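Reviewing the structure listed below.
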Amino acid sequence: MKKWVMILGVFVILLGAGLAVGCSKEETKEPEVLTIPLTVAEPQDETTVYTSDIVVKGQANSDAVVSVDGVTIEVDADGKFSTTVTLEEGPNLIEVMASDFEGNEGTIVLTVIYDKQ
């Protein structure tokens, strides 16, 4: 009988410790990131070009803040944007980001290969 009381006592202690640990854990949620409409019309991803300067064109919301490779560019009343990027020989990553004041954001990363020939 003592053996069963002892086993039951250990079980109750372990159960209580498990509940205490389970209750003390704080659940962390990642902040919800809403996406903003963002498209890049040119250049196409994985394109090979033969000139170092290329034009990056696209569209987002008209109230969006758009950057290409970290440089903020102007967005017109229709949400269209355009800028020139200078490439280095070989593969280049071009990052286009858009965000608005409500916390919505979107990112497109393109690979463009500059071949000097």
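For first residues located in region 28-51 and modelled with pLDDT of 95 or more and in a loop (DSSP other than H, G, I, E, B), partners that are surrounded by fewer than 13 Cβ atoms within 10 Å (Cβ to Cβ) and among the charged types (D, E, K, R) and lie 6+ apart or on another chain with Cβ distances below 6 Å form the pairs Y50/D115. Selection of first residues in region 88-117 that are over 18 Å from L38 (Cα atoms) and crowded, with 16+ Cβ neighbours inside 10 Å and of second residues that are at pLDDT 95 or above and among the small types (G, A, S), restricted to Cβ pairs under 7 Å at least 6 apart or on distinct chains, gives the following pairs, ordered by first then second residue: Y114/S52; Y114/G90. Within region 52-76, restricting attention to residues that are in a strand (DSSP E or B) and of a type in the set (D, E, K, R), the residue that is farthest from I108 (Cα to Cα) is D53. Being over 21 Å from T51 (Cβ atoms), in contact with a Ser or Thr (Cβ under 8 Å, 6 or more places away or on another chain) and not in a loop (DSSP other than H, G, I, E, B) is the filter here, so list the residues in region 77-97 that pass it. M97, the sole residue that qualifies. Among the conditions (1) among the hydrophobic types (A, V, I, L, M, F, W, C); (2) in contact (Cβ under 8 Å) with a residue 12 or more places away in the chain; (3) surrounded by 11 or more Cβ atoms within 10 Å (Cβ to Cβ), the only one that I73 does not satisfy is (2).
The values are calculated or read from the model by the stated rules, or taken from the named source; none is laboratory data. Because the structure is predicted, anything quoted here is derived from the model rather than measured. Please note: Cβ atoms are built from the backbone with ideal geometry, for glycine as well, and neighbour counts cover all protein chains shown.
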